[in-house]
1. Starting from the Cα of B:S80, step 7 Å along the direction of its Cβ; do the same at A:A2; then give the gap between the two resulting points in nm.
2. How much FRET efficiency would the formula 1/(1 + (r/R0)^6) give for B:L20 and A:T97, where r is the Cβ-Cβ distance and R0 is 41 Å, rounded to 0.05?
3. Could you calculate the contour length gain from A:V88 to A:S18, that is, 0.36 nm times the residue separation minus the distance between their Cα atoms, to one decimal place in nm?
4. Using Cα pairs under 8 angstrom and six or more residues apart, how large is the relative contact order of region A:1-57, in percent?
5. Placing +1 at every Lys and Arg Cβ and -1 at every Asp and Glu Cβ, with all other atoms neutral, what dipole size does chain B have around its Cα centre, in debye to the nearest 20?
6. To the nearest 100 Å², how much accessible surface do chains B and A hide from each other in total, with a 1.4 Å probe?
7. Please state the relative contact order of chain A as a whole percent: Cα pairs under 8 Å, 6+ residues apart?
8. Counting Lys and Arg as +1 and Asp and Glu as -1, what is the net charge of the other residues whose Cβ lies under 15 Å from the Cβ of A:S69?
Amino acid sequence: NAGVTQTPKFQVLKTGQSMTLQCAQDMNHEYMSWYRQDPGMGLRLIHYSVGAGITDQGEVPNGYNVSRSTTEDFPLRLLSAAPSQTSVYFCASSRKTGPHEQYFGPGTRLTVT
Amino acid sequence: AQSVTQLDSHVSVSEGTPVLLRCNYSSSYSPSLFWYVQHPNKGLQLLLKYTSAATLVKGINGFEAEFKKSETSFHLTKPSAHMSDAAEYFCVVSEGIYNFNKFYFGSGTKLNVKP
């Protein structure tokens, strides 16, 4: 199993550009989520999904869109990048219910200039 | 409201001495609890988890944690620190409310290990 994969690993954007961060998992997990990690702030939940076609907002959703057309994939879209979105982004997946941990991808380091 | 508090943002120990990273939580339900480790510029790796079985949980690399319901704590310990333990550690609580799990993260504790 590859687990949770994320692409790209690094990205530099100019203010106003859009892009999609890719996330895929091969564990047939229903629950997938996106976090951003900023120094001193831990991980903050952006969006999550509990199954194909079902998404919801987390703690910091503004400026980001998600969709879940398949169980495996959960892309995160930045509509118009801003310097405040400079961060490290992690995708995670888990079973939807029960005492199960989240599995994390390796992260995408995004810089917006 | 559910919350996770990691009581120390930074902990510094000497190599070979014990490690204690503290975590308190609030939860209205029977939670699952996890500790993750993140080495510099790396992703998050699961150290250990508590899922309502034994209250003393052993994890990887000699770490363990004890679930104390009366104190709502889940502190992480290791008898003897190693230089490779220098990293950031996150305490996470999971609750199965509604019909899916929700995860709550602590703000992290950075562990520094001095030679």
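1. 4.1 nm
2. Details: r = 32 Å, r/R0 = 0.79.
Between B:L20 and A:T97 the formula returns 0.80.
3. Values: separation 70, 0.36 × 70 = 25.20 nm, distance 1.64 nm.
Extra length available between A:V88 and A:S18 comes to 23.6 nm.
4. Working: 64 pairs, mean separation 15.0, N = 57.
Computed over region A:1-57, the figure is 26 percent.
5. On the way: 10 positive and 8 negative charges, 20 e Å.
So the dipole magnitude of chain B works out to roughly 100 debye.
6. Numbers: alone 6440 and 5960 Å², together 10730 Å².
About 1700 Å² of accessible surface is lost on pairing.
7. On the way: 297 pairs, mean separation 39.9, N = 113.
Answer for chain A is 35 percent.
8. Details: positive: A:R68, A:R77; negative: A:E30, A:E72, A:D73.
After counting each charged neighbour, the total is -1.
The values are calculated or read from the model by the stated rules, or taken from the named source; none is laboratory data. This one's a predicted model, so the numbers in the text were calculated from it and none came from an experiment. Every residue, glycine among them, receives a Cβ derived from its backbone with ideal geometry; neighbour counts consider all protein chains shown. All accessible areas refer to the heavy atoms of the entire protein, side chains included, with ligands and DNA or RNA removed. Shrake-Rupley method; radii C 1.70, N 1.55, O 1.52, S 1.80 Å.
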